[in-house]
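The values are calculated or read from the model by the stated rules, or taken from the named source; none is laboratory data. Quick caveat, the model's predicted, so the values are computed rather than measured. Backbone-built Cβ (ideal geometry, glycine too); neighbour counts: all protein chains shown.
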Amino acid sequence: INAISSSQRCHRQRPTKAAAKTCPSEACTIMAITKKKGGHASLQGKKPLNTAKVKRTVSNNPGHIKNKLKRSEIYGKYLLEKKARKRQTRIQRDKEAEALGEDAPKKQTPRTLDNTRESEVTTVQPDDEEILADEAEDEFAPYFSDEIRPKILLTTRPMPSGELFHFIADLMRFIPQLYYYPRKTYSVKEICQFGANRKFTHLIVLSEKSKVCNGMLISHIRPSTAANGLGGPTAFFKVSNVIPSTDVPNNGSATSHVPELNLHGFTTRLGHRAGRFLGSLFPHNAQFQGRQVATFHNQRDFIFVRHHRYVFKEGNQVNKETGKKKTKAKLQELGPRFTMKMRWLQEGTFDTQFGEYEWMHKRKEMDTTRRKFHL
């Protein structure tokens, strides 16, 4: 009974190299191999290394990585690789076009929300005589014909923060004939009456949230024959992305010259009215020696406000006919820059209780698709 065969004894005792050579059992052989120095990594409980040195493409969706720093690093590498591939593709395409010459295919126009927008019934054509006749007799016609110079009263909500006054200072350098009055405890209706008695033409009321301007109420308070001897209209704009002139990169200093006015992108009937309303804030006797331009650029119903100065400099190219260097123009931004979006347009001066609205933005009813714009 106590006799044990050589093969069974081999299983119970500690295996050695000699035993592994003499033992016919396969299990003993594997156990002996695992004790060898430099055995297979998977048999030692280690993860095998990738010795192939194959460059893996960086994933564009590293959401499975739990470490936030590593995840952002991987995604940053993906963006850099994508930018490099796009640049190489563009260079290759330019080389092919240069080699083909006139036979090169035309550059494709990318599809955007602007060039695929839904057609609007009230889109104004440049030669529409009816629209031109209406605009010649509206509330803003005396300003565009330079018969009347605007005089604007600016105030804020009650108890404004100190940060809002930096934006007020930028507006006073941006819009000529702009005068600030503290709000105190007066209502907007009382301020409208106060401004009309002192020959002001417009009223601007700024609102803010978290010490940043987020709204602008503009009311035309001068009585006009087009409004039956009353003031109006009144519009409210949501304000966002406010950048003061001190934070604009490479900004210049605005002068007291009256800037030129650039109204761009207002194509519908409502857009024409909104654009002329904003254009009535500026005198139309531009002083060209100041080389300053005030721009209201409408794109997808967002009105981007910018203030520039154009500068003329000598270029590197030489005119073959005259032998002189060609002159090129550059822009220098003066600030401020901000974005406006119209929320409603009301007839007459400010009156939220009995006023009639010409237009009000209702998001659920009007914004049915991303390609529908109103201005």
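The table below gives the values:
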read-out: Pairs with Cβ under 7 Å, 6+ apart, first in region 77-102 and modelled with pLDDT under 90, second surrounded by 11 or more Cβ atoms within 10 Å (Cβ to Cβ); value: ALA97/ALA104
read-out: Leading residue by the ranking (farthest from PRO233 (Cα to Cα)) among those in region 351-374 that are modelled with pLDDT of 90 or more and of a type in the set (A, V, I, L, M, F, W, C); value: PHE373
read-out: Within region 194-249, strands (runs of 3 or more DSSP E) holding 2 or more residues that are of a type in the set (Val, Ile, Thr) and surrounded by 18 or more Cβ atoms within 10 Å (Cβ to Cβ); value: 202-209, 234-243
read-out: Breaking point among (1) touching a residue at least 40 places away in the same chain (Cβ under 8 Å); (2) surrounded by fewer than 16 Cβ atoms within 10 Å (Cβ to Cβ); (3) among the acidic types (Asp, Glu), for GLU130; value: (1)
read-out: Residue count, region 142-173 (criterion: of a type in the set (A, V, I, L, M), in contact (Cβ under 8 Å) with a residue 40 or more places away in the chain and either out of contact with any Leu (no Cβ under 8 Å at 6 or more places or on another chain) or exposed (fewer than 14 other Cβ atoms within 10 Å of the Cβ) (or both)); value: 1
read-out: Test: ALA99 is over 30 Å from THR246 (Cβ atoms) and either surrounded by 10 or more Cβ atoms within 10 Å (Cβ to Cβ) or within 28 Å of the chain's Cα centre (by Cα) (or both); value: no
read-out: Residue check for GLY323: touching a residue at least 24 places away in the same chain (Cβ under 8 Å) and not hydroxyl-bearing (Ser, Thr, Tyr); value: no
read-out: Out of ASP146, ASP114, sole residue that is part of a loop (DSSP other than H, G, I, E, B), under 28 Å from GLY265 (Cβ atoms) and at pLDDT below 85; value: ASP114
read-out: Residues of region 164-193 that turn out to be of a type outside the set (Asp, Glu) and more than 19 Å from THR255 (Cα to Cα), as a count; value: 14
read-out: Residues of region 212-245 classified as of a type in the set (S, T, N, Q), in contact (Cβ under 8 Å) with a residue 12 or more places away in the chain and under 19 Å from ARG276 (Cβ atoms), total; value: 3
read-out: Lone unmet requirement of (1) within 29 Å of LEU261 (Cβ to Cβ); (2) part of a helix (DSSP H, G or I); (3) out of contact with any strand residue (DSSP E or B) (no Cβ under 8 Å at 6 or more places or on another chain) for ARG93; value: (1)
read-out: Members of region 185-211 that are touching a residue at least 24 places away in the same chain (Cβ under 8 Å) and at positive phi; value: LYS199, LYS211
read-out: Which numbered condition GLY252 fails, given (1) touching a Lys or Arg at 6+ places or on another chain (Cβ under 8 Å); (2) under 22 Å from LEU154 (Cα atoms); (3) of a type outside the set (A, V, I, L, M, F, W, C); value: (2)
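This table checks each residue for (1) over 17 Å from ALA235 (Cα atoms); (2) in contact with an Asp or Glu (Cβ under 8 Å, 6 or more places away or on another chain).
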residue: GLU321; (1), (2): yes, no
residue: LEU334; (1), (2): yes, no
residue: THR339; (1), (2): no, no
residue: LEU345; (1), (2): no, yes
residue: THR349; (1), (2): no, no
